[in-house]
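What follows draws every value from the coordinates through simple rules; no lab data is involved. Everything quoted here is computed from the prediction, not taken from an experiment. Neighbour counts run over all protein chains shown; Cβ positions are idealised from the backbone, glycine included.
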Amino acid sequence: MIAHAIFFYTFSIIAVVSAIMVTASKNTVHSVFFLILDFISISCLFIMIGAEFLGMIMLIVYVGAVAVLFLFVVMMLNVAQQKNQWFAGQATSKHIPVGLIISTLIFFEIVIVIGGWKYKPEIFDINNSLANTSVSNTHSLGQILYTDYIHVFQISGMILLVAMIGAIVLTFRQRSGVKKQSYIKQISRERAEGVEVLEVQSNKGVKIDD
Amino acid sequence: MSIVFQEVYKILFLLVPVLVSVAMIVWLDRRVWAFVQKRQGPNVVGPFGLLQSLADALKYIFKEIIIPSSSNKVIFILAPIVTMTLALIAWAVIPFSATQVLADINVGILYLFAVSSLGVYGIIMGGWASNSKYPFLGAIRSAAQMVSYEVSIGVIIINVLLCVGSLNLNDIVIAQQNMWFVIPLFPMFVIFFISALAETNRPPFDLPEAEAELVAGYQTEYSGMMYAMFWLGEYANILLMCAMGAILFLGGWMSPIDVYPFTLVPGAIWLILKILLLFILFALVKAIVPRYRYDQLMRLGWKVFLPLSLIWVVLTASYLFYFNLLPVN
């Protein structure tokens with residue numbers, strides 16, 4: 001039990017500190033690395049409460065794919081420089097008051113939601129929780145997702161697909177004059193199409209038209 | 001307290017053989033490469049040159065570690081450590097027999113997949129922290145490449161899981177008692193093998209460190225022991241991918257024929273033999289295939305492997321459903 005507590009507090013302290021460092025660190029790439037550390041410690045916490053499937057999926061999806069793309073974008077943009085200018089007070093941004101208003105709104109919304117939160121009384125009954133059943137949590141998650149909530153599950157998948165197609169459509173531009181390699185065309189070419197044997201006369205040369 | 005020591009012994013019994021075999025596998029890689037090209041390869045240090053890797057390691061240890069003054073020092077030092085650690089922690093879930101496994105967890109295959117998808121961070125960190133053109137280009141290439149090929153590896157794993165009905169690695173091995181998955185899922189095995197080449201940055205997909213274009217990619221600024229750690233991590237990752245292929249498709253620790261003299265051989269030996277077989281294939285590919293162009297690499301990942309493996313998921317699922325073979329527990 002003591003070991004459990006030690007691990008819990010270690011991971012949660014790392015999670016909280018790295019979450020603070022995401023916003024506090026001056027270098028944008030550092031904040032993405034802190035975000036990754038945060039994701040990893042959160043997934044460790046998931047594993048500690050017995051939700052090993054969720055923890056692993058968190059690692060694969062967020063750390064393995066989403067954060068890589070974050071890092072990719074942040075490394076490409078020159079955000080660090082811009083941010084330092086704000087800190088130095090050389091350039092005032094019009095976005096800061098808007099951002100403050102929106103964040104206060106969201107803060108109060110969260111306060112309202114959490115203030116009115118009520119748990120089902122069964123949840124506090126330890127004998128009733130999923131962790132104590134003989135079924136592994138991968139199975140129990142599947143049995144809930146693919147039976148009772150199949151429509152919600154499918155709709156959320158559809159929304160993601162639509163978002164993906166939308167992003168592709170919005171950023172797609174057709175450029176003219178780009179040479180593309182067509183494998184079928186290359187392989188199906190005959191010798192007669194590509195090679196022509198010419199009789200070259202001395203001092204005349206050949207006229208090649210292309 | 002004794003339980004802690006017991007676990008530490010177990011971990012050492014796993015890690016030391018892994019590290020020694022990584023050194024040996026580097027030698028084997030170079031020998032196979034030389035054999036294909038009708039050269040001798042390393043054959044001077046020790047019998048058959050077996051101690052060549054040891055000599056190389058000593059050389060790396062005594063070389064100076066140079067940290068570029070314009071680099072981001074913390075991340076620069078962290079990068080090889082991350083690569084090495086991730087390559088080693090994944091071995092915790094590899095089963096060497098029905099009982100010989102360090103951590104027999106429920107979601108073993110997901111753990112392996114997660115750790116191998118984290119491997120990209122060592123390379124990105126190294127490339128970015130070097131603060132130099134070639135390492136950065138190499139890091140960006142490798143990030144795009146590894147993320148792309150992870151997708152097809154994930155779908156291939158789903159194929160195998162459909163036939164097993166469990167995420168535990170030992171269950172996956174036991175499910176192949178009657179027939180190794182390499183027979184019914186042969187196209188998936190081929191795609192897995194090629195994706196594993198791309199995932200570990202092996203030739204013909206070694207674009208992140210393409211020496212003709214990028215000097216040495218993300219490793220350009222590294223020297224001494226830090227370079228050696230990248231190198232060890234890379235080979236430990238290759239071995240890990242071979243182990244994953246052996247477990248998913250070649251029956252893991254099970255003997256190829258279920259008859260008397262073969263079943264006496266311990267499971268670890270069979271697993272090692274299968275890993276070696278896959279590794280020799282890796283080494284042969286390195287020797288005989290030229291490097292891919294980057295757009296061809298992306299096309300192969302997204303336009304060929306992803307649709308193929310998705311179609312195969314549909315086929316496997318419908319076959320299992322129609323003939324009522326779905327594993328239920």
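Worth pointing out:
- Rg ratio (alpha-carbon, reference 2.2 N^0.38 Å) - the stretch A:1-77: 1.18
- For chain A, the direction-averaged projected area of the alpha-carbon convex hull comes to 25.9 nm².
- In chain B, Cα pairs under 8 Å separated by at least six residues give a relative contact order of 23 percent.
- Computed over Cα pairs, the Kirkwood radius of the stretch A:130-170 leads via Stokes-Einstein (1.567 mPa s, 4 °C) to a diffusion coefficient of 108 µm² per second.
- C-alpha long axis of helix A:67-76 to longest principal axis of chain A, angle in °: 60
- Helix A:95-115 vs. chain A, principal-axis angle (Cα, 0 to 90°, nearest 10): 40
- Working from Cα pairs under 8 Å separated by at least six residues, relative contact order for the stretch A:1-77 is 27 percent.
- Only helical runs count toward this figure. For chain B, summing -39,500 (n - 2.57) over DSSP H runs of n ≥ 4 and dividing by all residues gives -21500 deg cm²/dmol at 222 nm.
- Mean per-residue shielding of peptide A:49-60 is 4, counting Cβ atoms of other chains within 10 Å of each Cβ.
- Equivalent ellipsoid of the stretch B:68-322: semi-axes from √(5λ) of the C-alpha gyration tensor, largest first, are 33, 21, 16 Å.
- Along each principal axis, taking the top coordinate minus the bottom one, the Cα set of the protein assembly as shown gives 98, 78, 60 Å in descending order.
- Chain A: angle of helix A:28-48 to the longest principal axis, Cα-based, in degrees nearest 10: 50
- Neighbour-count order for B:Trp33, B:Trp302, fewest beta carbons within 10 angstrom listed first: B:Trp302, B:Trp33
- Each residue of the stretch A:191-203 was assigned a 3J(HN,Hα) from its phi angle through the Karplus curve 6.51 cos²θ - 1.76 cosθ + 1.60 (θ = phi - 60°); the sequence is 5, 4, 6, x, 10, 10, 9, 10, 8, 9, 8, 5, 6 Hz, with glycine and proline shown as x.
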